[in-house]
1. So what are the ³J(HN,Hα) numbers for the range 16-32, from phi and the Karplus equation (6.51, -1.76, 1.60; θ = phi - 60°), rounded to whole Hz, Gly and Pro as x?
2. I'd like the Karplus ³J(HN,Hα) series for the range 39-50: coefficients 6.51, -1.76, 1.60, θ = phi - 60°, whole numbers in Hz, and an x wherever there's a Gly or Pro.
3. Listed highest first by mean packing, meaning other Cβ atoms within 10 Å per residue, what order do 43-49, 16-22 come in?
4. Taking the Cα-to-Cβ direction at residue 53 and at residue 18 and moving 7 Å from each Cα, how far apart do the two end points lie in nm?
5. Based on the alpha carbon coordinates of the range 24-73, what radius of gyration and maximum Cα-Cα distance (Dmax) apply, in Å?
Amino acid sequence: MVTGVVSVSTGRLEAVSWFEHRSCRSKVAHGSRHEARAVGTVQMNRRGGGRVAPYHCGFCDGWHLGHPPGRRR
């Protein structure tokens with residue numbers, strides 16, 4: 001397990017797991033599923049397509065965007 005990731009929000013060294021950093025700390029938290037989905041639609045349209053799906057985060061209780069499970073990039 002990797003720990004000691006620098007927090008994007010505070011700039012301080014915090015003891016978080018690689019999984020928490022990858023799935024939460026390195027992403028923007030949205031207040032609702034609807035908000036995350038709307039932002040994802042705009043972002044993917046700007047990038048020329050692709051799919052992202054909102055998911056509820058157990059670390060911060062917010063909503064993040066990620067690629068759907070089982071999808072190869």
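Every number in this text was worked out from the coordinates using simple rules, so none of it is lab data. Note that the structure is predicted; figures quoted are calculated from it, not measured. A quick note on method: Cβ atoms are made from the backbone with ideal geometry, for glycine too, and the neighbour counts reach across all protein chains shown.
1. 10, 6, 4, 5, 5, 4, 5, 9, 9, 4, 8, 10, 7, 8, 10, x, 8
2. 5, x, 5, 5, 4, 5, 5, 5, 8, x, x, x
3. 16-22, 43-49
4. Computed distance between label sites residue 53 and residue 18 equals 2.4 nm.
5. 10.7, 31
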